[in-house]
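The values are calculated or read from the model by the stated rules, or taken from the named source; none is laboratory data. If you're wondering where the values come from, they're calculated on a predicted model, not measured in any experiment. All Cβ positions, glycine included, derive from the backbone under ideal geometry; neighbour counts span all protein chains shown.
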Amino acid sequence: MALRSVTNVLGVLAKPGLDAWKIEQGILSALTLPRRPGEELGDFAHRVVADMSEQVEKAADFGLAIHAACEVYALNKQLPQDIRLLNFLEDWVRWFDSNVERVASIEQVFVHHEHGYAGRVDMVALLKGIGWCVVDFKTQKVKRSAKGEAKPTFYETWPLQLAAYRQAILASGAKDVKGLVSVVIDSANPGPVHVKHWSGVDYFGSFLAALELWNYVKGYDPRGETPSSKHQGSSKLQVPTLS
């Protein structure tokens, strides 16, 4: 059975914040990329798009490197040898040592068979003052106010992702996992991490709504028949990469 990944499911939802960031990268590329002598406007536009895509990929690669370093430290308290990574992780390490009392799992895949989805969870840990939590690490170029104050963006899909993970964790037999926590690491300026504990909303209900929308758009439900007759005959989705 080809399970849907949590991030794949949430891909059907609009992400205005992320889209705005990508547009900003495109504008920056257009403003900073020198135009070649005699270059046609269309050719220049293609180079701008390629440059923008390169910046997006670099951000993604940096995020993967940070995640890998967090995993290694959480498992054996080993710091990265890469000085650049270490600079960005110093405050995260201080947060980890001050707040994480026990770690139950790191980068583990959990499956919710009833709803037919799976996801790779950054960390399940006992956090001081909160209890057992699903923790997700995010890298982001944190913006600053006119006064220089950090203003991280906590995207609206993040708690849906965490809630879906939590339900899959509970379905595996775990108990007392209640907290949903996002930890933002600034990828532009090394400094304090930004932590948000999500609560007070039925985030899982919203995720299930997105799941039904995904079923309709993709025309596939691993639990049974396609949700809409107009999609009958469409090929089944391949197993997605979990992230």
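Go through (1) closer than 30 Å to PHE207 by Cα; (2) surrounded by 17 or more Cβ atoms within 10 Å (Cβ to Cβ) one by one and return the number of the condition GLU71 breaks. Every listed condition holds for GLU71 apart from (2). Just one of (1) within 19 Å of the chain's Cα centre (by Cα); (2) modelled with pLDDT under 85; (3) closer than 30 Å to PHE204 by Cβ fails for MET1. It is (1). Selection over region 195-243 of residues that are at pLDDT 95 or above and among the basic types (Lys, Arg) gives a count of 1. Applying the selection to region 55-99, what residues are among the polar types (S, T, N, Q), out of contact with any helix residue (DSSP H, G or I) (no Cβ under 9 Å at 6 or more places or on another chain) and within 20 Å of MET123 (Cβ to Cβ)? Of everything in region 55-99, those that are among the polar types (S, T, N, Q), out of contact with any helix residue (DSSP H, G or I) (no Cβ under 9 Å at 6 or more places or on another chain) and within 20 Å of MET123 (Cβ to Cβ) turn out to be ASN76, SER98, ASN99.
Results for (1) crowded, with 20+ Cβ neighbours inside 10 Å; (2) under 19 Å from VAL6 (Cβ atoms), shown as yes or no for each residue.
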{"site": "GLY131", "(1), (2)": "no, no"}
{"site": "LYS141", "(1), (2)": "no, no"}
{"site": "LYS147", "(1), (2)": "no, no"}
{"site": "ALA150", "(1), (2)": "no, no"}
{"site": "PHE154", "(1), (2)": "no, yes"}
{"site": "GLN161", "(1), (2)": "yes, yes"}
{"site": "TYR165", "(1), (2)": "yes, yes"}
{"site": "ILE169", "(1), (2)": "yes, yes"}
{"site": "ALA174", "(1), (2)": "no, yes"}
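Quick one: which residue in ALA125, ALA164 is among the hydrophobic types (A, V, I, L, M, F, W, C), within 19 Å of the chain's Cα centre (by Cα) and within 26 Å of ALA14 (Cβ to Cβ)? The unique qualifying residue is ALA164. Check VAL109, VAL103 and return the single one that is in contact with a strand residue (DSSP E or B) (Cβ under 6 Å, 6 or more places away or on another chain), more than 19 Å from LEU10 (Cβ to Cβ) and not in a loop (DSSP other than H, G, I, E, B). After applying the criteria, what remains is VAL103.
Does region 12-27 contain at least one residue that is assigned to a helix (DSSP H, G or I), out of contact with any strand residue (DSSP E or B) (no Cβ under 9 Å at 6 or more places or on another chain) and over 23 Å from PHE154 (Cβ atoms)? Taking every residue of region 12-27 in turn, at least one turns out to be assigned to a helix (DSSP H, G or I), out of contact with any strand residue (DSSP E or B) (no Cβ under 9 Å at 6 or more places or on another chain) and over 23 Å from PHE154 (Cβ atoms).
Just a yes or no: is a residue in region 69-87 part of a helix (DSSP H, G or I), free of Cβ contacts under 8 Å to residues at least 60 places away in the same chain and under 18 Å from the mean Cα position of the chain (by Cα)? Yes, there is a match, as at least one residue in region 69-87 is part of a helix (DSSP H, G or I), free of Cβ contacts under 8 Å to residues at least 60 places away in the same chain and under 18 Å from the mean Cα position of the chain (by Cα).
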